[in-house]
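Written below as structure tokens is the structure these notes are about.
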Amino acid sequence: MDPYLEGDLWQEFHETLASEIRAQLLPKLAPKYVALLAKRYVINHVSSEGIGIEQAKVIYPDVHIAKPNAVREAGVAYGDTTLDPTAELISPFDEQVPIPSIEIRDVANRSLVTVIEILSPVNKRGLGAREYNLRRSEMLKTRTHLLEIDLLRAGERIDLIGKLPPGDYYAFLSRWQRHPITSVYAMSLRQRLRAVPVPLLPPDPDVVLDLQAAVNACFALVGYERLLDYTSAPPTPELLPEDRAWVDELLASTRQ
């Protein structure tokens, strides 16, 4: 996985990854099942923290006596009163964030068999995380398998009882026959992403989703390596020293 994707390109990558997962699974599912792209929208409350502004910009106006109708570069003067702002701050606002997922359905009955969720920053923090965990809880009450893919180091993990094994990325599989048990697949930044099972209706066997192949297909299609700024540090959270050394060594080898 490329930690540099965890920035402003994530939303674009998220949708591309959903399409590539679908493309990988479709031949494995035919003719009995089909993989469909689904999309819902989550309201994200954007604050200064959410848009990466560490501190609002403050502008201090000049102290002077203005002539009538004088126009200054910093602002407009009227009479003896300058109309320059004391400060310029960011107003919080709400935005709709699309969340793509993959639905596997039985062709004969069009019944929902498995949902594949790819976690996004919006459902890994604050109200978005709570909303996602509530939605997840409702889904676990149904006869639907749930496969959740978390390729983001930042933010909260899904709500589980027990301690997660060490990892930078995770896949979580909840088979409806085994609720409330969730199988955890931990992955490291420095390792190949794992292949994970995608369950179907019994007695049909699982099909395999190769996560690394799906990510590689995204890079081959779009060329994200041309868009990411590898001259700066990866987006937060900060990498462990040994991981940062590995990333720097890898980047240095590509420049040779």
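No lab work stands behind these numbers, since they all come straight from the coordinates. It should be emphasised that the depicted structure is a prediction, and the values quoted were computed from it without experimental measurement. Cβ: placed from backbone, ideal geometry, glycine included. Neighbour counts: every protein chain shown.
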* Structure fact -> Here the range 104-121 yields Karplus 3J(HN,Hα) values (6.51, -1.76, 1.60; θ = phi - 60°; whole Hz; Gly and Pro given as x) of 9, 10, 6, 5, 4, 10, 6, 6, 6, 9, 9, 10, 10, 9, 10, 5, 10, x
* Amide H partners (placed H, <5 Å) of V113, local residues excluded -> I104, R105, D106
* Around A195, which amide H atoms from residues at least 5 apart in sequence, or from another chain, sit under 5 Å from its own amide H, with H modelled in the peptide plane? -> L211
* How would you rank V184, V113, going from fewest to most other Cβ atoms within 10 Å of each one's own Cβ? -> V184, V113
* **Cross-link table K32/K163; K32/K141; K28/K141; K28/K163; K39/K124, entries beyond 29 Å C-alpha to C-alpha** => K32/K163; K28/K163
